[in-house]
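One structure, pasted below without further comment.
The values are calculated or read from the model by the stated rules, or taken from the named source; none is laboratory data. Only a predicted model underlies this, so the values are computations on that prediction, with no experimental measurement involved. Neighbour counts run over all protein chains shown; Cβ positions are idealised from the backbone, glycine included. With ligands, DNA and RNA removed, areas are computed over all heavy atoms of the protein, side chains included. Shrake-Rupley method; radii C 1.70, N 1.55, O 1.52, S 1.80 Å.
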Amino acid sequence: MKKILFLVESLSGGGAEKVLLTLIKNLNKEKYDITVYSIVKTGVYVDDFMQYCKVKSALNDYSSYGFVGKLFFRLKIKLIYLLSPKLVYRYLIREKYDIEIAFIEGFSTKIISNSNNKDSKKYAWIHIDMINRNYADKYYKSLEEHKKSYNKFNKVV
């Protein structure tokens with residue numbers, strides 16, 4: 001059985017998350033052991049995903065936290081985004097996967113491109129026109145760093 005990892009920032013109600021859910025629903029569960037790793041376990045699709053695959057996250061939904069909890073949550077999320085992508089990968093992804101998919105451009109692409117799993121196939125799933133909607137650029141210091149990240153993938157979808 002092949003182990004597949006999808007890394008995504010959150011499971012909020014966007015179109016890309018709906019595409020991911022549809023994809024996972026249609027993958028053969030007898031052939032694939034599927035894990036969705038969300039940086040923040042929040043969004044309208046969390047329960048839906050949990051019906052079809054394993055769901056892991058760095059942080060749980062903060063909406064039920066009190067003031068101190070929300071402050072601590074904000075500090076932790078800032079730290080995740082400030083640390084080196086190699087360190088974040090090492091901290092978050094504890095298992096070995098046969099296939100690692102950075103689902104949605106930007107942060108997840110930066111993290112999976114820094115995977116220390118030399119044996120996995122790596123895919124970047126882009127859900128937008130990156131020329132006209134360049135919000136993913138904020139995760140990279142330069143265009144060169146951006147290109148270097150994408151060149152580490154076996155395929156870009």
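Under a GNM of the chain (C-alpha, springs under 10 Å), which listed residue has the highest mean-square fluctuation: K122, K76, K141?
For the chain, modelled as a Gaussian network with Cα springs under 10 Å, the answer is K141.
Enter the accessible area per residue of the chain (Å², integer; probe 1.4 Å; all protein chains in place).
Value for the chain: 58 Å² per residue.
Gain in length, E145 to N116, computed as 0.36 nm per residue apart minus the alpha-carbon separation, to one decimal in nm?
Value of the extension gain: 8.7 nm.
Follow-up question, since we're still on this one. Which residues in segment 1-20 have a backbone N closer than 16 Å to a point placed 7 Å from the Cα of K31 along the Cα-to-Cβ line?
The answer is 1-5.
Rounded to whole Å, give me the distance from the Cα center of segment 86-102 to that of segment 1-59.
Comparing the Cα centres of segment 86-102 and segment 1-59, I get a distance of 15 Å.
Continuing with this model, one more query. Considering only DSSP states other than H, G, I, E and B, which GluC sites (Glu not before Pro) in segment 35-134 qualify as loop sites with at most 16 other Cβ atoms within 10 Å?
E95
Give the carbon-plus-sulfur fraction of the accessible surface of segment 1-61 in %, rounded to a whole number; probe 1.4 Å, heavy atoms of protein chains only.
47 percent
Let me know the whole percent of all Cα-Cα pairs from segment 5-135 that are separated by more than 25 Å.
Above the 25 Å cut-off, segment 5-135 has 25 percent of its Cα pairs.
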